[in-house]
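Colleague: Just passing along the structure, written as structure tokens.
The values are calculated or read from the model by the stated rules, or taken from the named source; none is laboratory data. The shown structure was predicted, so the numbers you read here are calculated from the model rather than taken from an experiment. So basically every Cβ, Gly included, is an ideal-geometry build from the backbone, and we count neighbours across all protein chains shown. Ligands, DNA and RNA are excluded from the accessible area calculation, which covers all protein heavy atoms including side chains. Shrake-Rupley method; radii C 1.70, N 1.55, O 1.52, S 1.80 Å.
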Amino acid sequence: MSNLRSLSFDAIIIGGGGAGLRAALELAKSGKKTAVLSKVFPTRSHTVSAQGGITCAIASADPDDDWRWHMYDTVKGGDYIADQDAAEYMCSEGPKAVFELEHMGLPFSRFDNGRIYQRPFGGQSKDFGAGGQASRTCAAADRTGHALLHTLYQNNLKNDTTFLNEWYAVDLVKNANGDVVGCIAMDIETGEIVHVKSKATVLATGGAGRIYASTTNALINTGDGIGMALRAGFPMQDMEMWQFHPTGIYGAGTLVTEGCRGEGGYLVNKDGERFMERYAPNAKDLAGRDVVARSMVMEILEGRGCGENGDHVFLKLDHLGEDVLGKRLPGIVELSKTFAHVDPAKEPIPVVPTCHYMMGGIPTNVHGQAIMQDADGRDQIVNGLFACGEAACVSVHGANRLGGNSLLDLVVFGRAAGMFIEGALNEGIEYLDASESDIESAMKRMNRWNESEGGETVPELKRALQSIMQNSFGVFREEENMQKGVKQLSELRERIANAYLPDKTNAFNTARVEALELDNLMEVAEATAISALERKESRGAHSRYDYPDRDDVNWLKHSLYFPADKRLAKRDVNFTPKTVDTFEPKVRTY
Amino acid sequence: MSTLQVSIYRYNPETDSAPYMQEFQVDTQGRDVMVLDVLHMMKEDDNGLAYRRSCREGVCGSDGMNMNGKNGLACITPLSEVIKGNKLVLRPLPGLPVIRDLVVDMGLFYKQYERIQPYLQNDTPAPAIERLQSPEDRDKLDGLYECILCACCSTSCPSFWWNPDKFVGPAGLLQSYRFLADSRDTATGSRLAELEDPFSVFRCRGIMNCVAVCPKGLNPTRAIGKIRDMLMANAT
Amino acid sequence: MVTNITNFGRSGLSDWLIQRVSAIIMAIYTVFIVAYLLFNPGLDYATWSGLFAQTWMRIFSLLAFVSLSAHAWVGLWTVTTDYIKPTGIRVGAQTVVILAIFVFLVWGIQILWGA
């Protein structure tokens, strides 16, 4: 297809959320020819929805705070399959990255002494769990993600970053050696297909919560980067690990920040009992999210749920008073009124655990370099491919992410990837050009949709996929049901392969974008399903009725899903941080 | 009555010689859903219907549109708030070129945003930790930084309709004041110098359409008044 | 910064200020004239021209005329730049407006200080 227009960059960043923009900023400052390619205008990315804050030991609320305590919480929160060298990097580099954001203008809330306001969040402790609850989450009221994303976009404008806004990346282009040398992308406004060549391709495409029927995620969170990488044959790590946020608004799925509980709110069942006191006597409502979500589901299953159908619980905030709510949680007041029709200053908010975050993703090292395994099962760098943010699995979140750690992940590893790529470009990168047939193979699925002449349509297939995932791979999982789910998914894959795109016009064809997104949802769903079925233990967010205990003998490992043969392998977890002692796996209680 | 009569602006540059209004009957099953949900239902019937959407909770600013004559975000506007006589009329944001259906070309809007240099400028060396800011100084940014760039305000402003290339518009000016009001920003002088011509700020006639439509409850007119006060204090 | 050469004060800020100051002067002048007419119900030509024979009234009236001229120029310039997009027609309209204002101003002065 030599008639494709091509664009050339030193680095192309796919995704304009927090991680992508942070990486782009680093590269733009270095003067490298960089572009951000985003399917939405960058400030519409899902980072904008993050509410509670960015967790980081900047020693503001507590002058004695220590990043090692934060690292301990992160490793423990991840149920010990977070890579300790990565957690060490994130927690120790974090303060630098947060101060940079402040210098860029992020409007953090403040303490009286003028320093950044920090609030307590779940799973936070002082002194390696021995010193009680910590307050470590830096916040801009309850709009921290919005403030962060806009600040990063603004600073990219300041540094003249090139933006390809409302462009959709279709697939990665690999050369004959298997190096990633760019992508095929579509300018959504005109429908033009362009070959984007680059020496470094960064997938910062965020999560894929839309594989579930009920999710806090934006409609755009369809796992595009994961889909692209899987189709290119690269493995995915820990895809069974999906976080269900305890407090999604019942019915609507919109998120209510953990900061509500950080500020003193708590969950009650239909008897008005603060039930978390039974499940986590110390941390109570601020236990790890997996623990709280499971406890809520237990309450509901045991008949103590609220409402007519007893299928949710209440988040009580009215005792905080209008002043605190107005000052610290103004966005939550707005959302509750809009989506739950309750004023949290007067009534509790009906909430239910809702799919929120993908801990798994493209395995990378701390520099964002994508990793695969060679024939002997050893780590091998994928040339030209990088990932950061939710799409990546560094892994700092292990089996369960702590609240406030996602924003930190974005900026720390977006920045790290940018710095590494700058260095690599300075040293010189030369890969073989993609051949006609390499480009042709990246065009395959685009051509498939464009040539489709009949069959099922995208919305019904998407609904089917979401319902399979919701029913078989939710908060609690079990062999037989998952077997059924995996089988249904493989049937669904066939149906999607024969699905139909009725509208083939070019100008701003959102139907075509949704069709291409469906392919990605399918890839993510299947990777999730097979990984979940194979991990025969309960750890972090992955809870199985049939294997209720953590199995450190067999499963103190990352799972690694290979798309070619749909096989699940294991990968070692890193237990060798550089400057601190290893945190040995312990029983995880809150 | 659970069937809603929806009249929606349609235009596909490849297949239509001119825009037209298309009628849909949508069965909402009597529920008070959001306008965005109605759009999803229509898109199931007509896959080609184009509109932007992302967060579906009113923070990303994608789905600004004109609903029964008033700009707003489709995702946080329940039918009960807009429908008149069981009829919903959906049009793209006014005053910007239409790309397709409800999707408008936001280029001019973004250009005005970029023009006001929407980033903190501080020429003093950054400290090793954060720059300190008192809670009182931080409070001055409330009602300013929350803007989601949905363009509901600027596209409801006649001054922006007439001079979208010269008048910064309410959204851009709100952002401009967000940085003028920031105790950490040191570029006040050069920011003001960029604004004192007869168009950038002074085309605001204070009719407050922007305030009436802002889905985040912000007040650009007040911010524009404050900019004028600063210009006056600076130049007299 | 948007550059332009046809507006009154060459700056939005000064136009804005002039518009407000001139409005206040015209308002005071209007109130004065209305009050004068109310307090002099059987007003005849001699009294009326006697009022305008006094120097302070001539200055006051001239101030009101100048204010009206400036106010009209700023206002009508704005209207032309809002609604008339073709440059030739806009400049033509602006020329007509400024000529008319100039003529009316000079004429006004002539009446005030004339016979």
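Colleague: Give the range A:176-232 a look and list any residue that's assigned to a strand (DSSP E or B) and either without any contact (Cβ under 8 Å) to a residue 12 or more places away in the chain or open to solvent by 20 Å² or more (accessible area, probe 1.4 Å) (or both), or say none.
Modeller: Correct list: A:ASP187, A:ILE193, A:LYS197, A:LYS199.
Colleague: State the number of residues belonging to the range B:21-40 that are at pLDDT 95 or above and either within 24 Å of B:CYS150 (Cα to Cα) or within 11 Å of chain A (Cβ to nearest Cβ) (or both).
Modeller: Matching residues across the range B:21-40 total 8.
Colleague: Mind listing whichever residues of the range A:65-76 are surrounded by fewer than 24 Cβ atoms within 10 Å (Cβ to Cβ) and not in a loop (DSSP other than H, G, I, E, B)?
Modeller: Matches in the range A:65-76: A:TRP67, A:ARG68, A:TRP69, A:TYR72.
Colleague: Identify, from the list A:ALA499, A:ALA416, the residue that is more than 25 Å from the chain's Cα centre (by Cα) and open to solvent by less than 60 Å² (accessible area, probe 1.4 Å).
Modeller: So the residue among A:ALA499, A:ALA416 that is more than 25 Å from the chain's Cα centre (by Cα) and open to solvent by less than 60 Å² (accessible area, probe 1.4 Å) is A:ALA499.
Colleague: Quick check on my filter: what residues within the range A:541-590 are β-branched (Val, Ile, Thr) and open to solvent by less than 60 Å² (accessible area, probe 1.4 Å)?
Modeller: A:VAL573, A:VAL580, A:THR582
Colleague: Pick from B:SER176, B:SER200, B:SER183: which is hydroxyl-bearing (Ser, Thr, Tyr) and under 30 Å from A:THR338 (Cβ atoms)?
Modeller: The unique qualifying residue is B:SER176.
Colleague: Scan B:GLU136, B:GLU114 and give me the residue that is in contact with a Leu (Cβ under 7 Å, 6 or more places away or on another chain), at the interface with chain A (Cβ under 10 Å from one of its Cβ atoms), open to solvent by 40 Å² or more (accessible area, probe 1.4 Å) and at pLDDT 95 or above.
Modeller: B:GLU114
Colleague: Which ranges mark the helices (runs of 4 or more DSSP H) fully within the range A:474-590 that have 1 or more residues being within 14 Å of chain B (Cβ to nearest Cβ) and under 30 Å from B:ASP45 (Cβ atoms)?
Modeller: A:510-534
Colleague: Suppose the filter is surrounded by 14 or more Cβ atoms within 10 Å (Cβ to Cβ), of a type in the set (S, T, N, Q) and touching a helix residue (DSSP H, G or I) at 6+ places or on another chain (Cβ under 8 Å); does A:SER538 pass it?
Modeller: So A:SER538 fails the test.
Colleague: Any residue in the range C:55-62 that is more than 25 Å from B:GLY206 (Cα to Cα), in contact with a Leu (Cβ under 7 Å, 6 or more places away or on another chain) and among the small types (Gly, Ala, Ser)?
Modeller: Yes - at least one qualifying residue is present in the range C:55-62.
For every residue, the table says whether it meets (1) touching a Pro at 6+ places or on another chain (Cβ under 9 Å); (2) assigned to a helix (DSSP H, G or I).
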residue	(1), (2)
A:VAL36	yes, no
A:ALA59	yes, no
A:PRO63	no, no
A:TYR80	yes, no
A:GLU100	no, yes
A:GLY123	no, no
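Colleague: Which residues, counting only those in the range A:483-514, are of a type in the set (Ser, Thr, Tyr) and under 24 Å from A:ASP546 (Cβ atoms)?
Modeller: A:SER490
Colleague: Among the residues that make up the range B:134-146, is at least one of them outside any helix (DSSP H, G or I), under 22 Å from B:ALA212 (Cα atoms), among the small types (Gly, Ala, Ser) and touching a residue at least 24 places away in the same chain (Cβ under 8 Å)?
Modeller: Yes - at least one qualifying residue is present in the range B:134-146.
Colleague: Still on this structure, please answer the following. Keeping to the range A:522-531, report how many residues are in contact with a helix residue (DSSP H, G or I) (Cβ under 6 Å, 6 or more places away or on another chain) and either at pLDDT below 95 or open to solvent by less than 10 Å² (accessible area, probe 1.4 Å) (or both).
Modeller: Number of matching residues: 5.
Colleague: Test C:ASP82 against the stated conditions and say whether it is part of a helix (DSSP H, G or I), acidic (Asp, Glu), within 14 Å of another protein chain (Cβ to nearest Cβ) and touching a residue at least 24 places away in the same chain (Cβ under 8 Å).
Modeller: no
Colleague: Within the range B:140-173, work out how many residues are open to solvent by 10 Å² or more (accessible area, probe 1.4 Å), touching a strand residue (DSSP E or B) at 6+ places or on another chain (Cβ under 9 Å) and at the interface with chain A (Cβ under 10 Å from one of its Cβ atoms).
Modeller: Result for the range B:140-173: 1.
Colleague: Right, another one. Which count do you get for residues in the range A:1-34 that are surrounded by fewer than 24 Cβ atoms within 10 Å (Cβ to Cβ), assigned to a loop (DSSP other than H, G, I, E, B) and in contact with a helix residue (DSSP H, G or I) (Cβ under 8 Å, 6 or more places away or on another chain)?
Modeller: Residues in the range A:1-34 being surrounded by fewer than 24 Cβ atoms within 10 Å (Cβ to Cβ), assigned to a loop (DSSP other than H, G, I, E, B) and in contact with a helix residue (DSSP H, G or I) (Cβ under 8 Å, 6 or more places away or on another chain): 4 in total.
Colleague: Right, here's the next one. Of all the residues that make up the range A:38-57, how many are part of a loop (DSSP other than H, G, I, E, B) and within 30 Å of A:PHE9 (Cβ to Cβ)?
Modeller: Of the residues in the range A:38-57, 5 are part of a loop (DSSP other than H, G, I, E, B) and within 30 Å of A:PHE9 (Cβ to Cβ).
Colleague: Separate question: Out of the range B:41-58, which residues are within 7 Å of chain A (Cβ to nearest Cβ) and among the basic types (Lys, Arg)?
Modeller: Of everything in the range B:41-58, those that are within 7 Å of chain A (Cβ to nearest Cβ) and among the basic types (Lys, Arg) turn out to be B:ARG53, B:ARG56.
Colleague: Tell me the residue from B:ARG222, B:ARG203 that is of a type outside the set (Gly, Ala, Ser), out of contact with any Leu (no Cβ under 6 Å at 6 or more places or on another chain) and surrounded by 18 or more Cβ atoms within 10 Å (Cβ to Cβ), please.
Modeller: Only one candidate passes the filter, namely B:ARG203.
Colleague: A:GLY272 passes all but one of (1) open to solvent by 30 Å² or more (accessible area, probe 1.4 Å); (2) assigned to a helix (DSSP H, G or I); (3) free of Cβ contacts under 8 Å to residues at least 40 places away in the same chain; which number fails?
Modeller: So A:GLY272 meets the others, but not (2).
Colleague: A further question follows. Can you tell me which residue within the range A:36-77, out of those that are charged (D, E, K, R) and within 23 Å of A:THR579 (Cα to Cα), is farthest from the other protein chains (Cβ to nearest Cβ)?
Modeller: Ranking the qualifying residues of the range A:36-77, first place goes to A:LYS76.
Colleague: Out of the residues in the range C:32-55 meeting the condition of being more than 17 Å from C:LEU112 (Cβ to Cβ), out of contact with any helix residue (DSSP H, G or I) (no Cβ under 7 Å at 6 or more places or on another chain) and among the hydrophobic types (A, V, I, L, M, F, W, C), tell me which one is least open to solvent (accessible area, probe 1.4 Å).
Modeller: C:ALA35
Colleague: Just to be sure, is C:LEU17 under 30 Å from B:THR236 (Cβ atoms) and assigned to a helix (DSSP H, G or I)?
Modeller: Yes; evaluated as a whole, the condition is true for this residue.
Colleague: Something else about it: Looking at the range A:102-121, which of its residues are at the interface with chain B (Cβ under 7 Å from one of its Cβ atoms) and part of a loop (DSSP other than H, G, I, E, B)?
Modeller: Scanning the range A:102-121 gives A:GLY105, A:PRO107, A:SER109, A:ASP112, A:GLY114, A:ARG115.
Colleague: A:LEU267 is checked against (1) closer than 30 Å to A:ARG328 by Cβ; (2) in a loop (DSSP other than H, G, I, E, B); (3) at pLDDT 95 or above and fails just one. What number does that condition carry?
Modeller: (2)
Colleague: OK, next. Could you tell me which residue of the range B:174-226 is nearest to B:ASN122 (Cα to Cα), considering only residues that are within 10 Å of another protein chain (Cβ to nearest Cβ) and aromatic (Phe, Trp, Tyr)?
Modeller: Restricting to residues being within 10 Å of another protein chain (Cβ to nearest Cβ) and aromatic (Phe, Trp, Tyr), the top hit is B:PHE179.
Colleague: On to the next question. Conditions: (1) touching a Pro at 6+ places or on another chain (Cβ under 7 Å); (2) modelled with pLDDT under 95. A:GLY288 meets all but one. Number of the miss?
Modeller: (1)
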